[in-house]
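The values are calculated or read from the model by the stated rules, or taken from the named source; none is laboratory data. Here the structure is a predicted model, which is why all the values come from computation and not from measurement. Quick reminder, even Gly has a Cβ in these numbers, built from the backbone with ideal geometry, and neighbours come from all protein chains shown. Calculation scope for accessible area: heavy atoms of the full protein, side chains included, ligands and nucleic acids excluded. Shrake-Rupley method; radii C 1.70, N 1.55, O 1.52, S 1.80 Å.
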Amino acid sequence: MNTTVRVLVLMSVVLLYYWLGKAALFRAARYLAAVTRIGPARWGTAQRADVFELAVAGASHVVVVAALLAVTGISPGMLVSGLASLQLLGLGVLLGIGELALGSLLCRALIEMTLVRGKPTRRAAAPPSSRISNSPHADARSRTAVRTRPAAPGGGGREDQGMALRSWLGRSRGGWIRHHLTALKVLPLWAALGLTGVQVASEELVFRGVAITWLRDAGPVVALTTSIVLFIVMQAFFMSSWQGAMFPVVGGVVMGIVHGLVFWAVPDVAPLVVAHVVFFVFAVL
């Protein structure tokens, strides 16, 4: 296949599986959760649906990875590349922590900028009228007017700003991120981390292991741009609002660029999987 066809195949995977395919799988999982009682009795229908959706997402990811390896001809040995190096795995932990710190900083900066731009301008208090200024009590009334003048935007608005920030954070815990939060809440820790790990590992294999390896002959610009853009686009799927989508998208920008550059230089998947898991688990806790 030439480079254009390869890029189109990867784009088709993102659109057909990560968007349309997952939408169909999630609908089926929600239907199954509504008509069955699979799982502990303490689970509600919504919790059961979240766990089912996460489970089908993980299983379908494995199928997609297998299909891509068959189509691209990439060796399955890539799945465990770097796994035997404890030093690289340790660096993966540090990489995930650093990416989380940078992503959190960028998200906070974007939220602050948005809140400042959207803050209404407060009107200054009107000057005392000529009738008040001519009255015997003009000085007292003037002082009262000064004391009751609305507070400056930088002072009294801190509480409102904090509430707005909490609202942003609340939106970020919806959409597909809710699946992982529910899993961490209702499943044993090993099971929740296992489901999350399968999905995260599959994303690293698709967007770094397969995409960059398959397009390596086309050069770093084509390979990295395709990998990064598709990974960022995928993050926005199934989020309930643009405010909520900002968090995974910013994380996708940071991780897409960093992991793309690292994999181009050192084509080992396992350390990047570790970094991705560390980033995601600490981000949702």
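Would the stretch 37-48 turn up any residue that is modelled with pLDDT under 95, farther than 25 Å from THR226 by Cβ, in contact with a Lys or Arg (Cβ under 6 Å, 6 or more places away or on another chain) and open to solvent by less than 50 Å² (accessible area, probe 1.4 Å)?
Yes, the stretch 37-48 contains at least one residue that is modelled with pLDDT under 95, farther than 25 Å from THR226 by Cβ, in contact with a Lys or Arg (Cβ under 6 Å, 6 or more places away or on another chain) and open to solvent by less than 50 Å² (accessible area, probe 1.4 Å).
Is there any pair linking a residue in the stretch 30-53 that is without any contact (Cβ under 8 Å) to a residue 40 or more places away in the chain and under 19 Å from TRP176 (Cβ atoms) to one that is acidic (Asp, Glu) and not in a loop (DSSP other than H, G, I, E, B), with Cβ under 8 Å and at least six apart or on different chains, and which?
Qualifying pairs under 8 Å: ARG30/GLU53.
Can you tell me which residue in the stretch 67-82 is nearest to the chain's Cα centre (by Cα), limited to those that are exposed (fewer than 13 other Cβ atoms within 10 Å of the Cβ) and within 21 Å of GLY194 (Cβ to Cβ)?
VAL80
Among the residues of the stretch 224-240 satisfying the criterion of being assigned to a helix (DSSP H, G or I) and closer than 16 Å to PHE280 by Cβ, which is modelled with the lowest pLDDT?
Only one residue tops the list, namely GLN235.
Assigned to a helix (DSSP H, G or I), at pLDDT below 95 and more than 26 Å from the chain's Cα centre (by Cα): does that describe ALA34?
So ALA34 fits the description; yes.
When TRP176 is evaluated against the numbered criteria (1) surrounded by fewer than 18 Cβ atoms within 10 Å (Cβ to Cβ); (2) at pLDDT below 90, which criterion, by number, is the only one it fails?
So TRP176 meets the others, but not (1).
Could you check, for the stretch 236-256, whether at least one of its residues is open to solvent by 40 Å² or more (accessible area, probe 1.4 Å) and at positive phi?
Yes, the stretch 236-256 contains a residue that is open to solvent by 40 Å² or more (accessible area, probe 1.4 Å) and at positive phi.
Being modelled with pLDDT of 95 or more and part of a helix (DSSP H, G or I): is that true of VAL221 here?
yes
Return the only residue of LEU215, LEU272, LEU261, LEU193 being within 25 Å of SER12 (Cα to Cα), open to solvent by 10 Å² or more (accessible area, probe 1.4 Å) and part of a helix (DSSP H, G or I).
Result of the check over LEU215, LEU272, LEU261, LEU193: LEU261.
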